[in-house]
Amino acid sequence: MEKRCKPVIMKVGLFIPCYVDQFYPQVAVATLELLERYGCEVHYPLKQTCCGQPMANSGFASMAGGCDKNFIANFSGYEYIVCPSGSCALHIKEHLHSAEEPNAAATIRERIYELTEFITDVLKLEGVKASFPHKVGLHVSCHGQRMLHLSSMSEKVEKPFSKAEALLSTVDGLELFRTSRADECCGFGGTFCVTEEAVSVSMGNTRIKEHLANGVHYITGGDMSCLMHLEGLLKRQKIDIKVIHLAEILNTQ
Amino acid sequence: MSQPATHHNKAAAAFLKNGQRAQWHDETLWFVRAKRDKAAHQIPEWEALRNLGSQIKEHTLSNLDEYLLQFEANAKKNGIKVHWANNAAEHNQIVYEILLHHNAVNVVKSKSMLTEECGLNHYLAERKISVVDTDLGEYIVQLRNEPPSHIVLPAIHLKKEDVSNTFHKHLHTEKNNQDPVYLTRAARQVLRKKFITADAAITGVNFAVAETGGIVVCTNEGNADLGVHANKVHIACMGFEKIIPRAQDLSVFLRLLARSATGQPITTYSSHFHRPKAGQEMHIVLVNNGRTEQLGREAFRNSLKCIRCAACFNTCPVYRRSGGHSYHNSVAGPIGSILAPNLDMRKNADLPFASTLCGSCTNVCPVKINIHEQLWSWRQVLMAEGYGGSAKKASMKLMTGVLSKPAVYRLSTGMARFFMRYLPFLVNNRLNPWYKQRDMPSAPKESFKDWYKKNRNHE
């Protein structure tokens, strides 16, 4: 089931979202180990900080120049830049700019990949060797889905597909459950989750209710930020569902 | 200078206080979205149709001046009187003068978001002219002295019992009789009399066809037709963006509109008005009110492609959970949030932030307006114009200062955990709104960076 089509060694720069570095290091470790397992030479540039998305989404993209400069300094020269977050990868793809180094910025914008996108489209793995014998619900994160096209969307008349679901379907013992509103936003939305606290919480609770109805033990997804928001609600309400990043499931042996 | 309205987040929190009702609102609108999905999926060429609709609108906006003039010339040839209004005040005055000329004091009006935008009802009421909204939903909210909360379903925020109470108070229906048939019949009785006894009829416009000089009005109740046919004066009010080049373009837009709005293949009535009938006067008021300014804003011009189907309302998880009134603008929802700042930045500076930027609006839109990207772009404009306040700007500056300097960043992290101090959603402070209903993530022993240095460092 585990097939590799590209035996060449790829040099990968690992881009770990700042809050993952700080709060969910196990997700970064899983991403690193997973990529190494599939033959990539992975480097984590130590001076990386943040992509600048929190500022840009708050209306201060004009202040993100320093972040852009730092990102370019850290990630120039890598064939591939891989990030276990659709949202942060998207921010770089859409908004990384530099007046001094426009070519370097453009190259990085082309070379950045979200993790499941990289596994599916670059490594061309048709499956993974992993085992996770649990009932799992998939949370579809908006930026990965609607802007990076990691899966089809319910708004559009298009052939259904999902890179995450395709990979999860090859994990031994994993039982995947879909929610009735398959791709409704969880309400995290960056600073939205505090500026529009009431709506944000209500949106998260709808997601949780649907996963609860399915009787899942885990909610997984490609963006730890959405999962962090859901985890905060689950813990506060003492609901026995854990959140786990896709990389952690794919990296189980 | 205008004052900021009640911030969307405050109005939304108030709306959500009644949890059961808010859930009902969310589910009701999600049901409409699901109906739309079903209707769209029955058209295999749906995405091609969206492309076509978008292209026709883009072409029209690029030649807006010519098409408006062509429309005016053809409408005049048909015997229609055409008026130009540069803003809401001019629009209201033009309508008033027409009514005055005919000594009209009782007016029936079918649904028109433009007249809401211009505040026409209020303006005419002050001049002793009574306007009755004849769309059932509009009539309900008018009796309650409320603005519509949705551009297609104006009374969607109300439940049967609310309508029952309102009709009992104003139309003297039986107390607590919530039977929709009974209530609708009661409204119908009143409205029929209004149609017959009115002096003039006002309608909105869904499409104005440049090559024919005719207009199309879409309703499900036939109330536009009733008003127009029963009266000697017909005034149709339209924003510049309603223009389409050819009659054949209707074959694209009529298919897109009703499916996107309510999941119907077509509205019950698609009424074409080309000329006044014998003995009648027909007027069309072409209204700018900021549209040419929006046309001049490159990042926002294609918001003028909107055909007012409200699919973006129904799909928006924020709209469904905050209700139309929380947007304090005649057009609510995601599209309203990108139209409103053009009309008044100070008053509407909060609206582009009433979104998670999930992008569902953009992909449901039948004419492919990049709504979520425009929400993002409005945020940049509004902050650059200083509508964010100095505190927000200062905290952002502090954050970017640290994040763009790796050495400072490293000092700030570690045990102290930079984010717990600065990232707005993770400030480790019980006053942080995050903490109100959510636990904080637990801080692990070491960051990934520390783990990596120990386990993998190649440097």
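Since every read-out is calculated from the coordinates, none of them should be taken as a lab result. Please read these numbers as outputs of a predicted model, since none were measured by experiment. We place every Cβ from the backbone using ideal geometry, glycine too, and count neighbours over all the protein chains shown.
Extending each Cα 7 Å along its Cβ direction at residue A:213 and residue B:277, get the distance between those two points in nm, one decimal.
5.0
Over all distinct Cα pairs, what is the inverse of the mean 1/r for chain A, reported as the Kirkwood hydrodynamic radius in Å?
Here the Kirkwood hydrodynamic radius works out to 18.6 Å.
Name the long-range amide H neighbours of residue A:123: under 5 Å, sequence gap of 5 or more, or other chain; modelled H, no Pro or chain starts.
Close amide H contacts, sequence-distant or interchain: none at all.
For a paramagnetic label modelled at 7 Å from the Cα of residue B:59 toward its Cβ, which residues of the range B:230-269 fall within the zone defined by backbone nitrogen distances under 14 Å?
Inside the label zone: B:244-253.
So if R0 is 25 Å, what FRET efficiency would residue B:230 and residue B:127 give, r being the distance between their Cβ atoms, rounded to the nearest 0.05?
0.65
Using the count of nearby Cβ atoms within 10 Å as a rough guide to exposure, how do A:116, B:400 rank from fewest to most?
So the ranking, lowest neighbour count to highest, is B:400, A:116.
Sort by residue number and name the cysteines in chain B that have no neighbouring cysteine Cβ under 4.7 Å.
B:118, B:218, B:237, B:306, B:309, B:316, B:365
Could you line up B:243, B:94 from fewest to most neighbouring Cβ atoms inside 10 Å?
Ordered from fewest to most neighbouring Cβ atoms within 10 Å, B:243, B:94 come out as B:94, B:243.
Taking θ = phi - 60°, what integer Hz values does the Karplus form 6.51 cos²θ - 1.76 cosθ + 1.60 yield along the range A:149-161, in sequence order, with x for Gly and Pro?
In residue order, the calculated couplings are 6, 7, 7, 5, 10, 5, 6, 9, 8, 8, 5, x, 7 Hz.
Taking every eigenvalue of the Cα gyration tensor of the range A:155-206, multiplying by 5 and rooting it, what semi-axes result, largest first, whole Å?
28, 15, 10
P(r) for the protein assembly as shown: what percent of alpha-carbon pairs falls in each 20 Å bin, starting at zero?
17, 47, 28, 9, 0
How large is ³J(HN,Hα) for each residue in the range B:48-56, as worked out from phi by the Karplus curve 6.51 cos²θ - 1.76 cosθ + 1.60 (θ = phi - 60°), to whole Hz, x for Gly and Pro?
3J(HN,Hα) across the range B:48-56, in whole Hz: 5, 5, 4, 4, 5, x, 5, 5, 4.
Using just the helices of the protein assembly as shown, give the 222 nm mean residue ellipticity in deg cm²/dmol: DSSP H runs with n ≥ 4 each add -39,500 (n - 2.57), and the total is spread over all residues, rounded to 500.
Using -39500 (n - 2.57) per qualifying helix, the result is -13500 deg cm²/dmol.
Rounded to whole Hz and in sequence order, give me ³J(HN,Hα) for the range A:215-227 from the Karplus expression 6.51 cos²θ - 1.76 cosθ + 1.60, θ = phi - 60°, writing x for Gly and Pro.
My calculation for the range A:215-227 gives x, 7, 9, 9, 10, 10, x, x, 10, 5, 5, 4, 5 Hz in order.
Positive end of the dipole of the range B:43-289, charges at C-beta (+1 Lys, Arg; -1 Asp, Glu), about the Cα centre: which of B:212, B:170, B:222 has its Cα farthest in that direction?
Of B:212, B:170, B:222, it is B:170.
Ranked from highest to lowest mean number of other Cβ atoms within 10 Å per residue, what is the order of the peptides B:341-352, B:265-276?
B:341-352, B:265-276
Kindly flag which residue pairs out of A:235/B:17; A:47/A:135; A:93/A:129 have an alpha-carbon separation exceeding 27 Å in this structure.
A:47/A:135; A:93/A:129
Rounded to a whole number of µm²/s, how large is the Stokes-Einstein D of the range A:135-250 at 10 °C and 1.306 mPa s, given Rh as the Kirkwood radius over C-alpha pairs?
Answer from the Stokes-Einstein relation: 111 µm²/s.
Taking only Cα atoms, what is the 0 to 90° angle, nearest 10, from helix B:333-343's long axis to the longest principal axis of chain B?
Its long axis makes an angle of about 80 degrees.
Starting from 0.36 nm per residue, how many nanometres of slack lie between residue B:248 and residue B:18 once their C-alpha separation is accounted for?
Answer, rounded to one decimal: 78.1 nm.
May I ask for the equivalent-ellipsoid semi-axes of the range A:18-147, computed as the square root of five times each C-alpha gyration tensor eigenvalue and listed largest first in whole Å?
26, 17, 14
What order do you get for A:196, B:446 when you list them from fewest to most C-beta neighbours inside 10 Å?
The fewest-first ordering by Cβ neighbours comes to B:446, A:196.
Sorted from largest down, give the three principal axis spans of the alpha carbons of chain B, whole angstrom values.
Here the spans come out as 90, 56, 49 Å, largest first.
Hey, rough spin-label estimate for residue B:181 and residue A:237, points 7 angstrom out along Cα→Cβ, what's it come to in nanometres?
Output for this residue pair reads 4.0 nm.
Under 8 Å for C-alpha pairs, at least 6 residues apart: give me the relative contact order for the range A:10-122, rounded to a whole percent.
Worked out over the range A:10-122, it gives 29 percent.
Just tell me which lysines come within less than 16 Å, Cα to Cα, of residue B:76; anything on the same chain fewer than 8 places away is out.
Counting by Cα, and skipping residues close in sequence, residue B:76 has these lysines nearby: B:277.
Quote the FRET efficiency, to the nearest 0.05, computed for residue B:196 versus residue B:81 with a Förster distance R0 of 22 Å and r equal to the Cβ-Cβ distance.
0.35
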